[in-house]
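Heads up: the structure comes next, in structure tokens.
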Amino acid sequence: MPGWHDRGMQEQPRGQYRKLSRQEASDAVTGLGWRLVLGELRTEVQTGSLPLAADVAARAATVPGADGHLRLDVRADRVIASLQTATEGWVTERDVELARKISTVVDELRLTTDSGGEAGGDRGRSVQVIEIGIDALDAAAIRPFWRAVLGYGDEPGRSGPWDGLIDPLGQGPAVWFQRMDAPRPQRNRIHLDVSVPHDEAEPRIRAALAAGGRLINDAEAPAFWVLADAEGNEACVTTWQGRD
């Protein structure tokens, strides 16, 4: 990819790494088995056992410079890894370099970094990020309730009435508020955003439609498609594409 690898990334002081465009970030890591999903790089390593998963996680965590970038979710048969520059709240050159190093560490164990299988496949689903969208006429009136009842907090530097809420432990889905101009009593007002890798969106949508869903709106695709179940409850399948 032109640009990012020519900037002397190794010599840049921490906190001064260049933020990447969505296209740059995706192009840089797709061949490594990572995917850009909602502002971070994600991959998984299937290990088949918890001890091996713990070993993979320990080796990834000790890659120089990973602190402040790497988050790991260790499961009984796999490790799910996420990279984002915490100080920027976005993907930078440093995260791409870390993805390369972590993939190398995993390869040394004769395992692979992989974005996961297609929806409904034998290997399960791809890496993804879930968010909850809440329609609101006055977010200032309801945001404190959701902050308190979920035990959530503000995103760094974002505490306004329409700003989202996040799980301080990074376990639960983020919550964001969608502005309404008038009440819509006949429509559900809470929906899920399912952010998937750009090459997983169409298989995921096909699976949802085959399972009885309906396509409500694709005018904003590939940024997002609005789907609904048989009773009209909505969910959006989203990707990084079409957002710049």
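Worth pointing out:
- Taking 106, 63, 149 in turn, the Gaussian network model of the chain (Cα-Cα springs below 10 Å) assigns the largest fluctuation to 149.
- Neighbour count of at most 13 Cβ within 10 Å plus DSSP loop: longest GluC sites (Glu not before Pro)-free window in the chain: 1-219
- Highest-fluctuation residue, 174, 54, 76 considered, GNM on the chain with Cα pairs under 10 Å: 76
- Entry note: the chain has Rg to Rh equal to 0.98, where both radii use alpha-carbon atoms and Rh is the Kirkwood radius.
- Value at 222 nm in deg cm²/dmol, rounded to 500, when DSSP H runs of n ≥ 4 in the chain each add -39,500 (n - 2.57): -7500 deg cm²/dmol
- Calculated P(r) tail over 19 Å for the range 158-244, as whole % of Cα pairs: 49
- DSSP-assigned coil residues among chymotrypsin sites (Phe, Trp or Tyr not before Pro) in the range 153-235, each with at most 14 further Cβ atoms within 10 Å: 162
- For the range 63-195, share of DSSP beta bridges that run antiparallel, in % to the nearest 5: 75
- Karplus-based coupling profile of the range 43-58, in residue order and whole Hz: 7, 9, 10, 7, 10, x, 7, 5, x, 5, 4, 5, 5, 4, 4, 5, with θ = phi - 60° in 6.51 cos²θ - 1.76 cosθ + 1.60 and x standing for Gly or Pro.
- A Förster radius of 25 Å, combined with the Cβ-Cβ distance separating residue 199 from residue 19, puts the computed FRET efficiency at roughly 0.60.
- Rounded to the nearest 20 debye, the dipole magnitude of the range 142-244 is 360 debye, with +1 charges on Lys and Arg beta carbons, -1 on Asp and Glu beta carbons, and the Cα centre as origin.
Coordinate-derived values only; no laboratory data. In this text, all values refer to a predicted model and were calculated from it rather than measured experimentally. A quick note on method: Cβ atoms are made from the backbone with ideal geometry, for glycine too, and the neighbour counts reach across all protein chains shown.
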